[in-house]
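Below: the structure, in structure tokens.
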Amino acid sequence: MRAGMVVGDLRVQAMVHAGGRRSYTIVWSDGTVHEEADGFLRLSDGTGTQKTYAYYLVDHLRWREREGLTTESVTLRDLHRYMGAVGARVPIPYGQPWRTPPKRPYGAAALDVAAASLKGFYLHRCVFGVNSTLREGLEARRLPTRVDRDRAVLGHAKTSVPVNPLAPRRGGRRRHPKMLPEQARARLLEVMNTARDRLVVTWLADSGLRIGELTGLHLVDLHLRVDADCGDCPSPHLHVCHRGDNANRAAAKTKPDWWMRDGVVTGGLIKRASPAMVSFYFEYMTTEYSAATDHGMLLIQLTGPSRGQPWTADAARGVLRRAGRRAGLAGRIKPHAFRHTFTSAVLDACGGDLLVAREAGGWTSVRTVDEVYGHPDLHAPDFDAALRAVWGEQA
């Protein structure tokens, strides 16, 4: 630890570059850059991973300062202790919990990201000859599974695959995704006060968009008529394009290539638009959208001193949360629940075709769809009927 510094002095710093692009690093309270962390984070500059790794890494570095450890002195056992302190199940004593209330322990997905960021950070430092013993532990390998061989171009030549010794072991499929409550869409539309908010509910429900994708849309991305000039899709659709310079910091998670040609957007992630999506879009544009805006984004702030400015993802989450309470819906309404519900509905409608569900939801792999949604709905009619038959009851 540097002289005069205390635990917690480290923080993530966002930097705005020319053109609005943002990058992230870790600094001390006096603004001095943490050189080790900055060198690692530069490797993922220009990607969403950089921001994610920065926030996970700064948490670990604060813990390391409390423990009096450095990159040169930390051991693989110390890293396992940290993973235990933030929520992983580890077969060793890990000392005091690190994420105490109001912070929550990391869930399974967060633990995977934390493990990946730690392994990447320390292996990057080991390249410079620091802590070679730790490098040996982090570069563990295992025998390939059948899935590994299937992925390899020359499966017979694949004798081992890298493994992250810090990642928690996970058995079976992922937990069931959180769906929307029954009749959530209709009840939310009843209590929404603006055409913009009704558009948000409809577009999330009918497209499976992530909230960052929705709030990051520009008007030029919307081709809501038949046979649009882009030629990518004959039906009404929209192009989800990753932009790192949006004023509201919203950005699409996926990054397919896209182009602007003669004022027409092509490429990106293409999502079909339902008639209801088109209808609510025109209601919003003709009654609430301000023609004075010059940023070209779809969703804007409707009231207050920032009227006309791009609407943020956090603001959209807040609207849905409050509307859920007004509608008397159980639980907290989150934007991602619309995506889960949409994907499950597509799977049911297409007879479980994973390729269709992947394309409809914009997933990167069929395996992800299968792991998350490839299990029966506990309340589906067929599932209910099967259980009642086993129980000897009538439906």
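When each of 65, 213 is scored by the number of other beta-carbon atoms lying within 10 Å, the sequence from fewest to most is 65, 213.
Amide H contacts of residue 270: 240, each under 5 Å away and 5 or more positions distant or on a separate chain (H built 1.01 Å from N in the peptide plane; Pro and chain starts excluded). Rounded to the nearest 0.05, what FRET efficiency do residue 164 and residue 349 have when you use their Cβ-Cβ distance and R0 = 41 Å? Once rounded, the FRET efficiency stands at 0.65.
Sorting 347, 69 from the fewest to the most surrounding beta carbons within 10 angstrom yields 69, 347.
Among the listed pairs 271/334; 255/334; 51/271; 51/334; 51/255, a Cα-Cα separation exceeding 19 Å is found for 271/334; 255/334; 51/271; 51/334.
Rounded to the nearest 20, the size of the Cβ-charge dipole of the range 11-162 about its Cα centre is 580 debye, with Lys and Arg at +1 and Asp and Glu at -1.
Spin-label pair residue 227-residue 245: with each label point 7 Å from Cα along the Cα-Cβ axis, the two points sit 3.5 nm from one another.
Only the coordinates and a few stated rules stand behind these numbers; no lab work does. All figures in this text were calculated on a predicted structure; none of them were measured in a lab. FYI the Cβ positions are ideal-geometry reconstructions off the backbone, even for glycines, and counts take in every protein chain you see.
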